[in-house]
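The values are calculated or read from the model by the stated rules, or taken from the named source; none is laboratory data. It should be emphasised that the depicted structure is a prediction, and the values quoted were computed from it without experimental measurement. Glycine gets a Cβ as well: all are built from the backbone with ideal geometry, and neighbour counts include every protein chain shown. Just the protein is used for accessible areas: all its heavy atoms, side chains included, with ligands, DNA and RNA removed. Shrake-Rupley method; radii C 1.70, N 1.55, O 1.52, S 1.80 Å.
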Amino acid sequence: MSEPAGAGAPGGARAHNLRTVAALALLFLLPLGLAFCAYYAGWRPAASVNHGTLITPPRPLPPLPAGTFRGVWTLVYVGDGSCDADCERALLVMRQARLALNNDMTRVARVFLATGRCCAPALRGPGNAGLLVLDATGPAAAPVLAQFPAARAQAVFVVDPLGNLMMSYDDRKDPHGLLEDLRKLLRLSHIG
């Protein structure tokens, strides 16, 4: 007696289905496995998308009066209180970046740490409304200033809402980069 023509088909269909499931599992698990191996082998992308210079590790800043550096993102400029042309340019970049944030501008504060001859009358003018000017010449400010890099001329710094000094920008090179990075930080941040 001969077997019907379709008798071997159910076993063949099952094998075909198992191969399909295995191929689909491989399709989803292979990229995950490759990413896992690349990460633990130490590979990191060569380029970054931020415009500023990351300060690694972030440096926690001691608290200052009035809750400075806590609860909001803070743009900081450290310089002489007489505020020369470079200082005015940095403060202008900080102000314009903050204003360009539109609805998110309330999440960003601006601070000028005056390291000497505090403070020029122009700092109190209408162009600098909302700028917090702190006299950093006293011994109480020394621990704060010690956390900022020694080469801080022409630099605008970003402090996160937890009070960590985390980025610096050369305001002469790419002032638009500060705005782009702030937008990314504010979009991704759930604090401040």
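Taking the criterion of being within 28 Å of Phe148 (Cβ to Cβ), surrounded by 10 or more Cβ atoms within 10 Å (Cβ to Cβ) and not aliphatic (A, V, I, L, M), would at least one residue in the range 97-104 satisfy it?
Taking every residue of the range 97-104 in turn, at least one turns out to be within 28 Å of Phe148 (Cβ to Cβ), surrounded by 10 or more Cβ atoms within 10 Å (Cβ to Cβ) and not aliphatic (A, V, I, L, M).
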(request) Count, please, the residues in the range 107-130 that happen to be within 22 Å of Val159 (Cα to Cα), of a type in the set (A, V, I, L, M, F, W, C) and open to solvent by less than 20 Å² (accessible area, probe 1.4 Å). (result) 6
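Yes or no, residue by residue, for (1) touching a strand residue (DSSP E or B) at 6+ places or on another chain (Cβ under 6 Å); (2) more than 23 Å from Arg107 (Cβ to Cβ); (3) modelled with pLDDT under 90:
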position	(1), (2), (3)
Ala41	no, yes, yes
Pro45	no, yes, yes
Ile55	yes, no, no
Pro60	yes, no, no
Leu64	no, no, yes
Tyr77	yes, no, no
(request) Any chance you could count how many residues in the range 147-192 are closer than 14 Å to Val76 by Cα and either free of Cβ contacts under 8 Å to residues at least 40 places away in the same chain or part of a strand (DSSP E or B) (or both)? (result) 12
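If we keep just the residues of the range 137-146 that are open to solvent by 20 Å² or more (accessible area, probe 1.4 Å) and in a helix (DSSP H, G or I), which is modelled with the lowest pLDDT?
Only one residue tops the list, namely Ala140.
Of everything in the range 99-128, what is of a type outside the set (Ser, Thr, Tyr), free of Cβ contacts under 8 Å to residues at least 60 places away in the same chain and either touching a Pro at 6+ places or on another chain (Cβ under 9 Å) or under 23 Å from His176 (Cβ atoms) (or both)? Give them in sequence order. Spell out how you get there, then give the answer.
Initial filter on the range 99-128 (of a type outside the set (Ser, Thr, Tyr)): 99-105, 107-114, 116-128.
Subsequent filtering for residues that are free of Cβ contacts under 8 Å to residues at least 60 places away in the same chain retains 99, 102-103, 105, 109-114, 116-128.
Scanning the range 99-128 gives Leu99, Asn102, Asn103, Met105, Ala109, Arg110, Val111, Phe112, Gly127, Asn128.
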